[in-house]
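These notes are about the structure you will find just below.
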Amino acid sequence: MGYDDQGGFRGGFRDNDRGFNREPREMHKATCSECGKECEVPFKPTDGRPVYCKDCFQKHRPPRRY
């Protein structure tokens, strides 16, 4: 750790340790279990487990604790 050439603080992590240089995820087509809308998810859907679109996922997500 230390300072970079421009005077900014530089942490001890390389970019790829934080996931910035990761290859794009493979997306899988799915149908939302609640509204029936087609969506894409970053995992392969499993039979018997619900898949939600972005909007419906927000409704099913537990409230955040601060």
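The values are calculated or read from the model by the stated rules, or taken from the named source; none is laboratory data. Note that this is a predicted model, so its numbers are computed, not measured.
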Query raised in the report: Which residues, counting only those in region 38-66, are over 14 Å from the mean Cα position of the chain (by Cα) and of a type in the set (Asp, Glu)?
Result: 38, 47, 55
Query - Those residues of region 28-66 which are in a helix (DSSP H, G or I) and either of a type in the set (A, V, I, L, M, F, W, C) or at pLDDT 95 or above (or both), in sequence order - result: 56, 57
